[in-house]
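Peer 1: My questions will all concern the structure given below.
The values are calculated or read from the model by the stated rules, or taken from the named source; none is laboratory data. Values in this document were obtained by computation on a predicted structure and should not be read as measured data. We place every Cβ from the backbone using ideal geometry, glycine too, and count neighbours over all the protein chains shown.
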Amino acid sequence: MVDRSLTHYLNSDFDLSLRPRPKQLGQPKLVRQVRELSVQGILGASEADSVVVRAEVPAEFLEHLELCGACVPTLLSHPQIDPANRFRPFGWNADAEALNDQHRHPAEHPDLAVVRRVNSRSFAFELEEEIASDRPVGAVVEQREELESFLSRSSASGGWIIKAEHGHAGLANRRLEGAQLSAADLRFVEDRLAEDDRLLVEPWLPRERDWCVVFDAPFDRGTLRVHETLCTADGALIGALFEPERDAAMLGYDELGIMAESVAARLGQEGYFGPVCVDAFTWHDADRSRLRAFVDLNCRLSMSDAAHRLWRRIAPERTFFYRFFNRRKLDLGTDLPIALAALGPRRYDRRSRQGILLASPLRLGKVAIAFVAPGRPEVFELERWFRERFES
C-alpha cells in the first residue's frame with residue numbers, strides 16, 4: 001500500500017450521532033462546540049497532512065503554533081476534502097463515511113451498525129461482565145420505571161451514576177447522590193430515553209486517578225499506551241497528562257495490557273477494527289487502592305489524540321498537561337499578542353521546550369491550554385499560577 005498523507009477530522013459529535021434519535025445534537029450551544037472542537041485536529045499534524053475544520057482559524061494562531069515548533073497542515077473547510085489523502089476521522093459515523101467515500105482510495109472501516117453496537121454502554125456492560133470477575137453491580141434499563149425499581153432494591157454508599165447508551169461523560173452521564181430521582185434527574189432520564197433505547201446505571205466509586213488506555217483492534221502491543229486523564233468531580237473530562245516513561249512504571253500497567261488484548265479480541269469477533277480507547281481508574285476501597293481496568297469503551301480515537309501528537313512532536317521528553325478552560329471564566333481576552341504578553345516569562349519557549357502554550361484560538365467557547373515542564377510538579381505549578389492569574 002502506498003503511504004499517503006493524512007486528512008484528520010475531529011468529528012466530536014461522533015458519540016451522540018450514534019443515537020437513533022439524536023435530538024441533543026440540534027442544540028445551538030452543542031452545534032457551536034462541535035464546530036469549534038474540530039480546530040483541535042490541527043495540533044501535531046504534519047505539514048504534509050490536511051485537517052477538516054468547521055470553524056474559522058485565525059492566521060495569527062497558525063503562526064503562533066509554528067513559532068512553538070508545531071507544523072501547520074493544509075486546512076479544509078467541511079465538507080471539503082483532499083481526494084489524494086488517507087482519511088482519518090475521530091470516529092466512523094455517517095458524516096465521516098460520506099467524506100471518506102469522496103477519496104480516491106477510501107479508508108477501510110467497520111460497518112456503521114457494528115460501530116454503533118460496540119460503542120454502546122450496554123455492549124460494554126456485557127463485555128466487562130465477561131472479562132472482570134469483580135465488576136460493580138449495575139443494570140441496563142429501558143424505561144424509567146425499571147431504573148426506579150433497580151434503585152429501590154439496591155444500595156451504593158457513594159450514590160449512583162447513570163450513563164446514556166451512546167455519548168461521552170460530559171454530555172451523557174449524570175451522577176445521583178441517592179436512590180431517589182429528583183425532578184432534574186427525571187428530566188435527564190426522559191430526555192436520554194427519548195433519544196436512545198437504554199441507560200446504564202452503576203455505583204459511583206470514590207475515584208483516585210483516571211486513565212485512558214489507547215490501542216488498536218486487532219491488538220498490537222506496539223500501539224498500546226496509557227496516559228492519565230483529569231476529570232471533574234462528576235467524571236467529565238478536563239484534560240490529559242502525558243509523561244515520558246509513564247507506561248512501564250505505572251502500577252497496574254500489565255493488567256491494563258491484558259484487558260486491552262482481551263477487549264480487542266472480542267471486538268474482532270463483533271467485526272470491529274480500528275482505534276480503541278478504554279477509560280480506567282483507581283479507586284479507594286476501605287484502606288486500599290483498587291484498579292477498575294475497564295470502565296467505558298470507546299471504539300474511536302481518544303479526545304486527546306491530537307494533543308498527544310503535538311506532545312510527541314515538540315516536547316516528548318517533557319511532561320505535557322493539555323486541558324480545557326471555559327473562556328467566559330478566563331480573564332485572558334481574545335487578542336493573541338496581548339494574551340501571550342500577559343504570560344510573560346511563563347510563555348512557552350521553543351528552545352527550552354517548556355512553558356504555557358495556547359493550544360486554540362482564544363475566541364472559542366472552550367480554550368485549550370498546554371502546560372509543558374520537566375516534570376509533574378512543575379507542570380501543576382504552571383497550571384496553578386495560570387489559574388490564580390487568569391481564572392475568575
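Peer 1: All but one of (1) at pLDDT below 95; (2) aliphatic (A, V, I, L, M); (3) under 21 Å from L291 (Cβ atoms) hold for A172; state the number of the condition that does not hold.
Peer 2: The one condition A172 does not meet is (3).
Peer 1: If you check R135, R117, R104, which single one turns out to be of a type outside the set (G, A, S), assigned to a loop (DSSP other than H, G, I, E, B) and closer than 17 Å to V278 by Cα?
Peer 2: Only one candidate passes the filter, namely R135.
Peer 1: With the requirement that a residue be surrounded by 20 or more Cβ atoms within 10 Å (Cβ to Cβ) and not in a strand (DSSP E or B), what does the stretch 319-342 give you?
Peer 2: Once the filter is applied, which keeps residues that are surrounded by 20 or more Cβ atoms within 10 Å (Cβ to Cβ) and not in a strand (DSSP E or B), the stretch 319-342 yields only L332.
Peer 1: Quick test of your reading of the structure: N11 fulfils all but one of (1) touching a His at 6+ places or on another chain (Cβ under 8 Å); (2) at pLDDT 95 or above. Name the failing condition by number.
Peer 2: For N11, the exception is condition (1).
Yes or no, residue by residue, for (1) in a loop (DSSP other than H, G, I, E, B); (2) more than 26 Å from the chain's Cα centre (by Cα); (3) in the same structural domain as D279 (by TED's automatic domain parsing); (4) under 19 Å from D210 (Cβ atoms):
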residue	(1), (2), (3), (4)
A124	no, no, no, yes
E145	no, yes, no, no
E148	no, yes, no, no
K163	no, no, no, yes
G178	yes, yes, no, no
E190	no, no, no, no
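Peer 1: Here's a follow-up. Determine whether A184 is of a type in the set (A, V, I, L, M, F, W, C), exposed (fewer than 15 other Cβ atoms within 10 Å of the Cβ), within 25 Å of the chain's Cα centre (by Cα) and not in a loop (DSSP other than H, G, I, E, B).
Peer 2: In short, no.
Peer 1: Now a separate question. Go through (1) aliphatic (A, V, I, L, M); (2) more than 21 Å from R21 (Cβ to Cβ); (3) surrounded by fewer than 16 Cβ atoms within 10 Å (Cβ to Cβ) for L176 and report which single condition fails.
Peer 2: Every condition holds for L176 apart from (3).
Peer 1: I'd like to know if the stretch 74-85 contains one or more residues that are among the small types (G, A, S) and either over 20 Å from the mean Cα position of the chain (by Cα) or at positive phi (or both).
Peer 2: Within the stretch 74-85, one or more residues are among the small types (G, A, S) and either over 20 Å from the mean Cα position of the chain (by Cα) or at positive phi (or both).
Peer 1: With R350, R313, R292 as the choices, which residue is modelled with pLDDT under 95 and surrounded by 13 or more Cβ atoms within 10 Å (Cβ to Cβ)?
Peer 2: Just a single option satisfies the conditions, and that option is R292.
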